[in-house]
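Report on one structure; see the data block that follows.
The values are calculated or read from the model by the stated rules, or taken from the named source; none is laboratory data. Every value quoted in this text rests on a predicted model; they were computed, and no experiment measured them. Cβ atoms come from the backbone with ideal geometry, glycine included; neighbour counts cover every protein chain shown. Remember, those area values only see protein heavy atoms, side chains included, never the ligands or the DNA or RNA. Shrake-Rupley method; radii C 1.70, N 1.55, O 1.52, S 1.80 Å.
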Amino acid sequence: MVDIEVGDREFDAVVIGAGFAGLYMLHRLRGLGMSAVVLEQAAGVGGTWYWNRYPGARCDSESYYYCYSFDRELEQEWTWTERYPRQPEIKAYLDHVADRFDLRRDIRFSTEVTGARADADGRGWTVETGTGTGVTLHCRFLITAVGCLSAANVPDLPGLETFAGRWFHTGRWPHAGVDVTGRRVGVVGTGSTGIQAVPALAEDTAHLTVFQRTANYSIPARNGPLTEAQSRAYKADYRHIREVQAASTNGHPFVINQQSALEAGEQERTDAYRAAWERGGLRFRATYRDLLADEAANETASEFIRERIREIVRDPATAEKLLPRDHGFATKRPPIDTHYFETYNRDDVTLVDVRSDPIEAVVAEGLRLRSGVVHELDDLVFATGFDALTGPLLRLDPAGPDGTTLGEAWRAGPRTYLGLAVSGFPNLFTITGPFSPSVLTNMPSSIEQHVDWIAGCLEHLRDTGADRIEADPEAERAWGEHNREAADATLLPRAATSWYLGANVPGKPSVFMPYAGGFARYVTTCTDVAREGYRGFHTDGPRAAA
Ligand code: NAP
């Protein structure tokens, strides 16, 4: 518990969350001369990278660009050790950032926000925390930096409380670690997390059983140490790297090949996929321009990957179960892996298809399937993902000036203007909120862009004497419509089990949540909105021009 001094309860801004977004937001607010505090539920900085400590946890973006770009000295002084950073290294980087910019003195750790209510005039927020006797803070602007994938999704399986063993969700992994040596462990879920955790867990378990509902595509990561020469080269090239990221569809520093997969001859195409497979990583998506736009083009990549799975997995029946057939490559977030498919060649690893024979209940000994088969387990690991994008905001459930809560406003699904603001909730900014590119991009790129935009907006409000800003409902409606069109121009909404659509959470409205129109296009829109005097927002205040 952290004591907050009496008298230290009135701020220009309260930021919720001390991950990549909250840390940079605090830095920018200080630069504007605003008083600000960050409220963080965890005992340290890191956000996603504080909680996700499961075996094998590492980033799928490459380290040299999964980092901040706002400070050139920071870029030069930090040296990543591997192509893809492991969780402890990203956490160490964020600890370094917090220290380097002296951020900790304005972060209240172990402080859970339990309520947020707008003032009746919409010019401020009252924020309640669960610390000690329940401290109440007041601010003019409330900024959520709660992450897109922070609300853990534990399936509501009957009997979980009767399980005689231990159970864990990967997103809330115990900090002391979990010793699985010699134990029979079950992993539920084969998304990016499960695909990272399975090979790592298999190293130690006596037996690993993987419960797969939807088979997934995965590309080899080809991780390895970064040499000194590579680090030097990245550091020397940062300005160019940042330019490529800014002009990109996904905030990654690679350029999508502008050829159609269908224009290429069969051998040429196979060679291109083979080269991308050998290079490894998410860049596989950039092999052709229409992999996410045309089903026939997508199928060429999907089938190439199925072929590799058949090649790697020795048991044909297991290989067959691992072949994704109900969605195209990258229409769900594509994982990358280190020896994921190879792990099924081990005698001590079993794959169970729970699409055809679903998990019915947890029993004392393990998991019981609908057929009555019981898989005996000592430990159960839920790699079952998150209530993505809306979940973290709805768990805060702020209330607007008229008392309407976000949950009520979003009953039929989220609505936002630019993913940054919600009509009916003045002076609230949502970093990487729904209908912004967020999870379709390299997250630090989207985060920096949102934080910079919010900082620019706050400066504008100050300069124009305004103290209230609210998204216009019509601008919000039009943005929602544009989002639907942008998503429908791709194959992304066709993956029926995708968490992009909320399909992983029973009862969640089916809405395609991240903006699929591309990062560079989105940035241009946000810049234009600001340049045109914050088009689509209403601002006012005692000194504001009428
Ligand atoms: P996820 O992609 O939502 O995968 C969850 C898995 O659990 C899916 O296979 C899902 O099956 C399964 N599942 C959920 N409920 C189930 C149930 N009741 N019974 C059986 N299976 C169930 O979650 P995630 O793997 O944690 O990844 C979420 C996102 O986090 C990623 O897509 C990525 O954006 C991010 N992430 C990033 C990294 C990284 O950069 N290193 C690592 C991990 C995660 P269905 O597919 O059938 O729903």
It is to be established whether one or more residues within the stretch 487-501 are in contact with a Gly (Cβ under 7 Å, 6 or more places away or on another chain), under 22 Å from L393 (Cα atoms) and away from the ligand (no atom under 16 Å from the Cβ).
no
Which of (1) of a type in the set (G, A, S); (2) within 16 Å of the ligand (Cβ to nearest atom); (3) under 24 Å from the mean Cα position of the chain (by Cα) is the odd one out, the single condition G159 does not satisfy?
(3)
Quick one: which strands (runs of 3 or more DSSP E) lie wholly within the stretch 296-409 and hold at least 3 residues that are within 14 Å of the ligand (Cβ to nearest atom) and modelled with pLDDT of 95 or more?
349-353, 359-363, 366-369, 379-382
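Take the residues of the stretch 171-198 that are open to solvent by 20 Å² or more (accessible area, probe 1.4 Å) and within 16 Å of the ligand (Cβ to nearest atom): which is nearest to V349 (Cα to Cα)?
Taking the stretch 171-198 first, the residues open to solvent by 20 Å² or more (accessible area, probe 1.4 Å) are 172, 174-179, 181-184, 191-193, 196.
Next, only the ones that are within 16 Å of the ligand (Cβ to nearest atom) stay: 172, 191-193, 196.
Values: R172: 24, G191: 17, S192: 18, T193: 17, Q196: 15 Å.
Ranking the qualifying residues of the stretch 171-198, first place goes to Q196.
Taking the condition of a type in the set (A, V, I, L, M) and open to solvent by less than 10 Å² (accessible area, probe 1.4 Å), does L389 pass?
Numbers: of a type in the set (A, V, I, L, M): yes; open to solvent by less than 10 Å² (accessible area, probe 1.4 Å): yes.
When the stated conditions are applied, L389 passes them.
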Hey, does the stretch 517-530 have a residue that's within 16 Å of the ligand (Cβ to nearest atom), on the phi < 0 side of the Ramachandran plot and not basic (K, R)?
yes
Residues in the stretch 265-295 that are assigned to a helix (DSSP H, G or I), of a type in the set (G, A, S) and surrounded by 15 or more Cβ atoms within 10 Å (Cβ to Cβ) total 3
Go through (1) in the same structural domain as A116 (by TED's automatic domain parsing); (2) touching a Pro at 6+ places or on another chain (Cβ under 6 Å) one by one and return the number of the condition R370 breaks.
(1)
Pairs with Cβ under 7 Å, 6+ apart, first in the stretch 65-77 and in the same structural domain as L94 (by TED's automatic domain parsing) and in a helix (DSSP H, G or I), second at pLDDT 95 or above and basic (K, R)
L74/R100; E75/K235; Q76/K235
Qualifying residue in the stretch 256-268 (condition: out of contact with any Ser or Thr (no Cβ under 8 Å at 6 or more places or on another chain), among the polar types (S, T, N, Q), within 16 Å of the ligand (Cβ to nearest atom) and within 27 Å of S498 (Cα to Cα))
no
Restrict the check to the stretch 135-155 and report whether at least one residue is away from the ligand (no atom under 16 Å from the Cβ), in a loop (DSSP other than H, G, I, E, B), at pLDDT below 95 and β-branched (V, I, T).
yes
Return a yes/no flag: does the stretch 461-483 have any residue that is open to solvent by less than 10 Å² (accessible area, probe 1.4 Å) and free of Cβ contacts under 8 Å to residues at least 60 places away in the same chain.
yes
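Taking helices (runs of 4 or more DSSP H) that fall entirely within the stretch 433-546, which contain at least 1 residues that are farther than 25 Å from L26 by Cα and modelled with pLDDT of 95 or more? Walk me through it before giving the result.
Values: elements: 443-463, 473-488, 519-531.
Hits in the stretch 433-546: 473-488, 519-531.
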Taking the condition of being of a type in the set (S, T, Y) and either within 14 Å of the ligand (Cβ to nearest atom) or surrounded by fewer than 12 Cβ atoms within 10 Å (Cβ to Cβ) (or both), how many residues in the stretch 200-240 meet it?
5
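Test R30 against the criterion of being open to solvent by 40 Å² or more (accessible area, probe 1.4 Å) and within 30 Å of V180 (Cα to Cα), and give yes or no. Explain how you work it out, then say what you get.
Numbers: open to solvent by 40 Å² or more (accessible area, probe 1.4 Å): yes; within 30 Å of V180 (Cα to Cα): no.
No; evaluated as a whole, the condition is false for this residue.
Surrounded by 18 or more Cβ atoms within 10 Å (Cβ to Cβ) and not polar (S, T, N, Q): does that describe R415? Break it down stepwise before answering.
Working: surrounded by 18 or more Cβ atoms within 10 Å (Cβ to Cβ): yes; not polar (S, T, N, Q): yes.
For R415, the condition - surrounded by 18 or more Cβ atoms within 10 Å (Cβ to Cβ) and not polar (S, T, N, Q) - is met.
Looking at the stretch 73-86 only, could you name the residues that are of a type outside the set (F, W, Y), surrounded by fewer than 21 Cβ atoms within 10 Å (Cβ to Cβ) and either closer than 30 Å to R108 by Cβ or touching a Gly at 6+ places or on another chain (Cβ under 6 Å) (or both)?
Of the residues in the stretch 73-86, the ones of a type outside the set (F, W, Y) are 73-77, 79, 81-83, 85-86.
Then keep just the ones that are surrounded by fewer than 21 Cβ atoms within 10 Å (Cβ to Cβ); that gives 73-77, 79, 81-83, 86.
Within the stretch 73-86, E73, L74, E75, E77, R83, R86 qualify.
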